[in-house]
1. Using each residue's phi in segment A:90-99, evaluate 6.51 cos²θ - 1.76 cosθ + 1.60 at θ = phi - 60° and report the 3J(HN,Hα) Karplus result to the nearest Hz, with x for Gly and Pro.
2. Tell me which of B:Gln225, B:Val251, B:Ile263 sits at the most positive position along the dipole axis of segment B:151-269, charges placed on C-beta atoms (Lys, Arg +1; Asp, Glu -1).
3. Along the charge dipole of chain A, which of A:Val55, A:Thr146, A:Ala72 sits closest to the positive end, that is, farthest toward it, with unit charges on the beta carbon of Lys, Arg, Asp and Glu (+1, +1, -1, -1)?
4. Distance from the Cα centre of segment A:301-332 to that of segment B:64-102, in angstrom?
5. Over the alpha carbons of segment B:166-269, what is the largest minus smallest coordinate on each principal axis, giving the biggest first in Å?
6. What total accessible area, in Å², is buried where chains A and B meet, using a 1.4 Å probe and rounding to the nearest 100?
7. Mind checking the dipole of the protein assembly as shown: about its Cα centre, +1 per Lys or Arg Cβ, -1 per Asp or Glu Cβ, Debye to the nearest 20?
8. Would you work out the charge dipole size for segment A:3-177 about its Cα centre, treating the Cβ of every Lys and Arg as +1 and the Cβ of every Asp and Glu as -1, and quote it to the nearest 20 debye?
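The values are calculated or read from the model by the stated rules, or taken from the named source; none is laboratory data. The model shown is predicted, which means the values in this text are computed figures rather than measured ones. Neighbour counts are summed over all protein chains in view; Cβ atoms, including those assigned to glycine, are modelled from backbone coordinates with ideal geometry. When the accessible area is computed, the model is the full protein with side chains, heavy atoms only, and any ligands, DNA or RNA have been set aside. Shrake-Rupley method; radii C 1.70, N 1.55, O 1.52, S 1.80 Å.
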Amino acid sequence: MERILYLTHTEADGGLSKVALETLTSAVELSRQLSGSTLRLALWGGAIQTAADAVAGCGAEETLGVTGEEFADSRYASDAAAAEALVRAADATFVIAPASARLARTLPGVALRVGGRIDSHVVGMGAAGEGVQIQRWYYRQRMLATMTRSQRPWFVLVDPGLFETWNGEAGSATPRLVEVDLPTPYDRTRVVGIEAAKSQAQTIRPDADLLFVAGAGWTKKQADGQTHVKDAEELILGFLDSAQASLGGSKSMVEQSAEGEDVLSFMSHLNQVGQTGSTPRHAKGLATCCHGEEPHVVGWRFIHERRAINTDPNCGWAQSKADVLYVADAFALTAKVNELLRG
Amino acid sequence: MSQGFHLVVCGSIVPDPLQTLEPIQGAEGPALKNEMMLPAVLDPWAGHALYEAAHLAAATPDSKVWLVSLGPRAKLQQLMMTIAPKAAFELVALDGPAGGFTEAWETAEALAECIKTIPGLDRSRLLLFGGCASASRDAGVTMQMVGERLEISDQFLAVDELTPQENGTIRILERIEAGRYQVSECAGPPLVAAWATGRLPEPPNNAQLGMQNMRSIMPALQKAQPARVGAEGVEFLEVEVPKQRRNTRVVEDASVDEMAREIVEWIRK
Ligand SMILES: Cc1cc2nc3c(=O)[nH]c(=O)nc-3n(C[C@H](O)[C@H](O)[C@H](O)COP(=O)(O)OP(=O)(O)OC[C@H]3O[C@@H](n4cnc5c(N)ncnc54)[C@H](O)[C@@H]3O)c2cc1C
């Protein structure tokens with residue numbers, strides 16, 4: 001019989017993030033499928049009451065909480081102490097948590113402390129008889145494994161974008177507050193701020209329908225023997241603005257930017273998609289001036305509809321990697337697309 | 001700073017990302033077809049960690065870098081030929097499997113136990129580096145568990161910048177959601193930094209450095225202790241390569257106006 005614990009931190013406003021609410025859906029579904037299982041919630045943060053009330057209708061037996069100023073910031077020492085105390089207090093065998101940056105940093109160490117194991121990048125979860133099976137990717141989205149394990153407690157970090165956002169009834173919860181044994185000192189690390197990668201424009205929009213990828217071709221010499229970087233900047237920013245798209249880049253593109261050449265001023269390492277970049281989730285993706293090599297395309301695993309613009313009809317996208325390849329000059333075509341989008 | 005850093009970088013081999021990978025059922029669970037024959041590279045994010053470590057050590061007197069690698073000895077030896085000319089480090093090798101289907105918990109145990117025995121390592125000066133995830137298991141959990149085993153309670157994941165300050169504190173930028181950074185200040189070592197791409201390009205080859213490194217690398221490989229790393233308690237029910245071939249429609253003869261109209265229709269759909 002699994003004692004399921006849904007575990008997360010709250011946000012600065014005391015509420016829960018989108019991925020936290022999606023993961024709650026997965027936890028509720030799993031507890032319904034697994035006969036004899038129990039579901040508890042555990043929250044920690046500077047404040048937890050808003051979050052506890054918001055999810056009070058999810059059918060959990062109990063809500064546990066850790067709260068206080070010292071738990072407001074995303075910091076390993078205090079987060080790990082809080083999560084450890086909550087897992088122990090719930091006597092959990094199966095811990096489900098959203099894959100936020102904060103939990104991804106915290107939970108592996110917590111799993112070790114409580115003698116458990118952890119799996120991350122979990123994309124599917126279900127009951128199999130008395131037990132649980134999960135699905136997760138290996139080799140950067142190249143292989144999908146279905147697996148189970150015998151060790152408990154078993155922690156899983158659930159990736160974003162897979163489950164519906166939980167939107168059941170709010171209520172009023174009275175969390176059972178759990179004491180935390182904080183290490184001394186617990187605050188050798190101080191969070192001093194949050195920074196955008198580049199100040200000019202917020203180009204990464206995880207909730208956008210469309211991903212626009214700019215490859216190194218945008219900054220290379222064009223048919224007239226010249227580079228046209230300023231034009232490229234205008235066209236790309238114009239497109240992002242009218243299509244409300246999120247901006248991705250190829251490795252070659254972001255590395256040029258990092259090396260300070262005459263390149264797209266708003267492109268940073270955080271925009272990189274692929275093997276050593278991100279694997280964003282969007283309904284559609286449009287690749288421009290990007291060759292579509294395998295280390296780039298592994299980052300497109302969760303982009304459903306894919307189109308590409310490239311002057312080369314034999315580029316990687318033509319090799320069954322895109323649904324449609326437009327063999328065209330991306331400068332001219334993007335200009336026309338922008339005109340139509342604005343019109 | 002009166003004392004430099006002791007930088008330990010955990011990093012091993014992964015198949016070259018340009019290779020096609022195919023899962024097979026091995027004697028002890030899933031494995032890759034021709035795993036031992038596949039060309040291997042230094043795990044990319046761990047590579048960034050190594051270059052950042054070497055850079056930091058060069059800028060901080062009295063510092064030293066160790067690279068702790070768990071992998072099949074013969075493959076490690078091949079790998080060392082390519083990375084020895086790029087960064088100054090002392091290799092500490094463990095001979096064992098480096099495939100993706102091994103368990104992070106077991107790998108972390110082997111790495112931590114090995115780090116505890118490094119002669120001359122001062123753990124109060126330790127900056128424990130590694131990649132934020134491997135290109136094989138891609139779990140992003142190993143470094144935190146190594147850190148826990150070494151009782152380090154200041155940990156950072158997906159680091160792009162780590163800068164020692166004049167007052168002895170260390171300023172760290174970690175990637176968080178939506179293309180932003182969390183900026184933290186840590187009182188000083190010991191700490192764990194699991195790196196994303198960092199800020200440095202891959203260093204050029206330096207043949208002299210390579211020869212100097214190889215002098216300690218060969219004995220380290222000979223001394224490599226066997227590490228029994230598997231996936232105890234895990235049952236893989238299926239491992240598949242999802243079909244992702246698309247019937248690409250190549251639009252070549254249409255005008256720019258026609259293509260633009262089609263793209264806009266698709267975006268608005
Ligand atoms: C360990 C490792 C990790 C890697 N990780 C990543 C990763 O995370 N992400 C990633 O992207 N890559 C990664 N790579 C690199 C990858 O293999 C490619 O080198 C890279 O993706 C190429 O970038 P690109 O397509 O933008 O540039 P190029 O290969 O230079 O392609 C430029 C393209 O632009 C086209 N073009 C030029 N001008 C125009 C125009 N006017 N209109 C239309 N098209 C035009 C050209 O035809 C060409 O196809 C990795 C490689 C290794 C070895």
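1. Running phi through 6.51 cos²θ - 1.76 cosθ + 1.60 with θ = phi - 60° gives 7, 6, 6, 9, 9, 10, 10, 9, x, 7 Hz.
2. Positive-end residue among those listed: B:Gln225.
3. With unit charges placed on the Cβ atoms, the residue in question is A:Thr146.
4. Answer, in whole Å: 38.
5. Cα spread of segment B:166-269 along its principal axes, largest to smallest: 63, 46, 41 Å.
6. Accessible area lost upon association: around 7900 Å².
7. I would put it at about 960 debye.
8. Roughly 780 debye for segment A:3-177.
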